[in-house]
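Enquirer: Would you mind keeping the following structure in view while I ask a few things?
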Amino acid sequence: MEDPLKILREKRAKDFQYESGRIFSSMCTVPLRETLKAYIDFMETNALDPKIFPSVKELEREAVAEAGKLFSNPNATGYITSGGTESNIVALWIARELSGKKEVLAPVSVHYSVEKACALLGLKFIPTPLGEDHRADVEAMKEKMGPKTAAIVGTAGTTSLGLVDPIEEMAGIAGDRKCFFHVDASFGGFVLPLMNYPKKWDFTLPQVSSIAADPHKMGMVPIPAGLLLFRRKRWLRVLERNVAYLGTKTQTLLGTRPGASVAATWVAFKLLEKRKKAIERCLELTKKLARGIQRIETLDLITKPELNIVAFKSEVLKIQSIEKALERRGWIVSRTELPAGIRLVIMPHHSPSHIRSFLRDLKECVRELLSR
Ligand code: 0PR
């Protein structure tokens, strides 16, 4: 019989590798050596069962405390989730339980997991328009808020353009109605605090109720790892279940959960300087890439990049043809919908030479498509 591990290796070898620099479609990346080591060391641990693994409980408490400090509320509570989707589901679950209301307002740019969470929780998802700057139109959102609004959601680092919604203005309208305000910083949460971002977006604003931020995106932690934080300790207790047969209680959506993700996230908080450097490199490369794209005729940036995402469109060429032409040259990119364009996420696995060769190929693609 052929060695099954050999078969696995062969299959795996057909995947794209982050290290090749050819993946521009992903918010995930190569984990830091230390976070990977922590992950492997805790591979068999289960965060559900602190009787067997007390270390995991301790590490989770410490990681949440670090995250609380990072997001300007040392008293925040929360836990390590499997990623942005779980965090968004649980935040809205708690909003529903606390408010007893059934409607959620979010700009159309919100990640699709918010609509999914609403469907799961029996909540009505009400999308609200964007302003000309592609960020939430706060006035339009205010008009749609009413006595049934359970929560509003803002995004710090939108999925398609990497923009930060006007969180401070949104906090204003949430405060007026004493409404739960969830900030999805799944992408931006591990970037904004390390780049001296000038605007307020986190628990500094007293109306921000919860924050999702994913270590498995810009935190350089292996998949799966998300972080969900709440302003008040008592809110998470709404979900508490007694697990009598284990002599424990849980406040999480999942039962068995990887302690490996907890250990890896804990280590990530100890590697602030390393991550800061990686982020600075990404932001520098983002500028280079954006400048390069601006110089290519027929291509236009959709917006000035705020985080490490560049998105461009074309009035002349079809987006799908550009995507295909790039694919033929071995590049993986993703798309934006509003407006139709190409999205490039610049991650720690990218180097200056990757950006240069991507720009060279993009120029060639455009030339090829124009000459057809
Ligand atoms: N919130 C925002 C703002 C997101 O961008 C995402 C994922 C989520 C929540 C959901 O997070 P999880 O996927 O962790 O549940 N956005 C990524 C993206 O659209 C997901 C992704 C990651 C897609 C890696 C592809 C990929 O290779 O890029």
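The values are calculated or read from the model by the stated rules, or taken from the named source; none is laboratory data. Remember, predicted model here, so these are calculated numbers, not experimental data. Ideal geometry is used to build each Cβ from the backbone, glycine not excepted, and the neighbour counts take in all protein chains shown. Remember, those area values only see protein heavy atoms, side chains included, never the ligands or the DNA or RNA. Shrake-Rupley method; radii C 1.70, N 1.55, O 1.52, S 1.80 Å.
Enquirer: Going through the stretch 100-115 one residue at a time, which ones are open to solvent by 40 Å² or more (accessible area, probe 1.4 Å) and either in contact with a Phe, Trp or Tyr (Cβ under 9 Å, 6 or more places away or on another chain) or assigned to a loop (DSSP other than H, G, I, E, B) (or both)?
Expert: Within the stretch 100-115, Gly100, Lys101, Lys102, Val108, His111, Glu115 meet the criteria.
Enquirer: Also, quick follow-up: If the requirement is being within 16 Å of the ligand (Cβ to nearest atom), among the charged types (D, E, K, R) and either open to solvent by 40 Å² or more (accessible area, probe 1.4 Å) or farther than 24 Å from Tyr245 by Cβ (or both), which of these qualifies: Glu19, Glu58, Glu62?
Expert: Result of the check over Glu19, Glu58, Glu62: Glu19.
Enquirer: In this structure, is Met141 open to solvent by less than 30 Å² (accessible area, probe 1.4 Å), in contact with a Leu (Cβ under 7 Å, 6 or more places away or on another chain), away from the ligand (no atom under 11 Å from the Cβ) and assigned to a helix (DSSP H, G or I)?
Expert: Yes; evaluated as a whole, the condition is true for this residue.
Enquirer: If the requirement is being in a helix (DSSP H, G or I), of a type in the set (Ser, Thr, Tyr) and closer than 30 Å to Lys148 by Cα, which of these qualifies: Thr85, Thr35?
Expert: Thr85
Enquirer: Glu280: touching a residue at least 60 places away in the same chain (Cβ under 8 Å), in the same structural domain as Ile319 (by TED's automatic domain parsing) and exposed (fewer than 14 other Cβ atoms within 10 Å of the Cβ), yes or no?
Expert: Considered against the rule, which asks whether it is touching a residue at least 60 places away in the same chain (Cβ under 8 Å), in the same structural domain as Ile319 (by TED's automatic domain parsing) and exposed (fewer than 14 other Cβ atoms within 10 Å of the Cβ), Glu280 comes out as yes.
Enquirer: If Arg360 satisfies every condition in (1) open to solvent by 30 Å² or more (accessible area, probe 1.4 Å); (2) touching a Ser or Thr at 6+ places or on another chain (Cβ under 8 Å); (3) not aliphatic (A, V, I, L, M) but one, which is the exception?
Expert: (2)
Enquirer: Same structure, new question: Kindly list, by first and then second residue, each pair from a residue in the stretch 185-196 that is surrounded by 24 or more Cβ atoms within 10 Å (Cβ to Cβ) to a residue that is basic (Lys, Arg), limited to pairs with Cβ atoms under 7 Å and residues at least 6 apart or on different chains.
Expert: Within 7 Å, the pairs are Ser186/Lys217; Phe187/Lys217; Phe190/Lys217.
Enquirer: Against the condition modelled with pLDDT of 95 or more, farther than 18 Å from Lys101 by Cα and not assigned by TED's automatic domain parsing to the domain that holds Gly341, how does Ala171 come out, does it pass?
Expert: It is true that Ala171 is modelled with pLDDT of 95 or more, farther than 18 Å from Lys101 by Cα and not assigned by TED's automatic domain parsing to the domain that holds Gly341.
Conditions tested, residue by residue: (1) at positive phi; (2) more than 16 Å from the ligand (Cβ to nearest atom); (3) in a helix (DSSP H, G or I).
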site	(1), (2), (3)
Val153	no, no, no
Thr158	no, no, no
Met170	no, no, yes
Ala174	no, yes, yes
His182	no, no, no
Gly189	no, no, yes
Pro198	no, yes, no
Trp201	no, no, no
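Enquirer: Another question, if that's okay. Out of the strands (runs of 3 or more DSSP E) lying entirely within the stretch 215-325, which hold 2 or more residues that are more than 17 Å from Gly157 (Cβ to Cβ)?
Expert: Output list reads 241-243, 248-250, 309-313.
Enquirer: When you check Gly162 against the structure, is it within 11 Å of the ligand (Cβ to nearest atom), part of a helix (DSSP H, G or I) and under 19 Å from the mean Cα position of the chain (by Cα), yes or no?
Expert: Judged against the criteria, Gly162 is not a match.
Enquirer: Which residue out of Leu92, Leu120 is in contact (Cβ under 8 Å) with a residue 60 or more places away in the chain, within 16 Å of the ligand (Cβ to nearest atom) and part of a helix (DSSP H, G or I)?
Expert: Leu92
Enquirer: Then there is this: Looking for something among the hydrophobic types (A, V, I, L, M, F, W, C), open to solvent by 10 Å² or more (accessible area, probe 1.4 Å) and touching a Cys at 6+ places or on another chain (Cβ under 9 Å) - is there at least one such residue anywhere in the stretch 210-233?
Expert: Yes, the stretch 210-233 contains at least one residue that is among the hydrophobic types (A, V, I, L, M, F, W, C), open to solvent by 10 Å² or more (accessible area, probe 1.4 Å) and touching a Cys at 6+ places or on another chain (Cβ under 9 Å).
Enquirer: If I filter the stretch 203-235 down to residues being over 24 Å from Cys179 (Cβ atoms) and β-branched (Val, Ile, Thr), which single residue comes out as farthest from the ligand (Cβ to nearest atom)?
Expert: If we take residues in the stretch 203-235 being over 24 Å from Cys179 (Cβ atoms) and β-branched (Val, Ile, Thr), then Val221 is farthest from the ligand (Cβ to nearest atom).
Enquirer: For Ser99, are the conditions met, namely being away from the ligand (no atom under 16 Å from the Cβ), modelled with pLDDT of 95 or more and on the phi > 0 side of the Ramachandran plot?
Expert: no
Enquirer: I'd like the full set of residues that are touching a helix residue (DSSP H, G or I) at 6+ places or on another chain (Cβ under 6 Å) and within 16 Å of the ligand (Cβ to nearest atom), limited to the stretch 65-83.
Expert: Gly78, Ile80, Thr81
Enquirer: Of the residues in the stretch 283-300, how many are touching a residue at least 12 places away in the same chain (Cβ under 8 Å), of a type outside the set (Lys, Arg) and open to solvent by 30 Å² or more (accessible area, probe 1.4 Å)?
Expert: The total comes to 4.
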